[in-house]
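In what follows, a single structure is set out as structure tokens and then discussed.
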Amino acid sequence: SLFPPLPPLQEQELLVASLEDSPKPPPERVTLTLPVLNAARSVLVVAAGASKAPVIQRILEGQEEPPLPAALVRPRSGRLRWLLDEAAASELTIPRGKHS
């Protein structure tokens, strides 16, 4: 649950952070931080449904500044894989299976 511009997104030392005022329910959450996600050997992002398509396109093909939180997940020495159903991938212009 890494929401901009809330503090857990900027966390550089803690592996886990808490949030008491999430913009989406539930308001109280515990989340992994970018340092632990980017140190992982393997990260799998799963998204399903047409409602996810616009944001998936923004994350994987966009050049937004600042980037969306999921675009900041880039394991230093591990693998990042996206598992999308056809609806979630429907707005992508890159060939399936070709995005790094």
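A few comments on the model shown:
- Cleavage-rule hits, GluC sites (Glu not before Pro), segment 1-79, DSSP coil, Cβ neighbours within 10 Å at most 11: Glu13, Glu20, Glu28, Glu64
- Average accessible area per residue (Å²) across the chain - probe 1.4 Å, nucleic acids and ligands excluded: 70
- Of all DSSP bridge pairs formed entirely within the chain, close to 40 percent run antiparallel.
- Dipole check for the chain: with +1 at the C-beta of Lys and Arg, -1 at the C-beta of Asp and Glu, and the Cα centre as origin, the magnitude is about 520 Debye.
- Between Pro27, Val43, Pro7, the Cα set farthest toward the positive side of the dipole of the chain (charges on each charged residue's Cβ, about the Cα centre) is that of Val43.
- Relative contact order of the chain, pairs being alpha-carbon contacts under 8 Å that are 6 or more residues apart, as %: 28
- Annotation: extensible slack from Val46 through Leu83 equals 12.8 nm (criterion: 0.36 nm per residue apart, minus Cα-Cα distance).
- Loop-exposed trypsin sites (Lys or Arg not before Pro) per DSSP, neighbour cap 14 Cβ within 10 angstrom, longest uninterrupted part of the chain: 1-40
The values are calculated or read from the model by the stated rules, or taken from the named source; none is laboratory data. What you are looking at is a predicted structure, and each value in this text was computed from that prediction instead of being measured. Cβ: placed from backbone, ideal geometry, glycine included. Neighbour counts: every protein chain shown. Note: accessible area is taken over every heavy atom of the protein model, side chains too, but ligands, DNA and RNA are not part of it. Shrake-Rupley method; radii C 1.70, N 1.55, O 1.52, S 1.80 Å.
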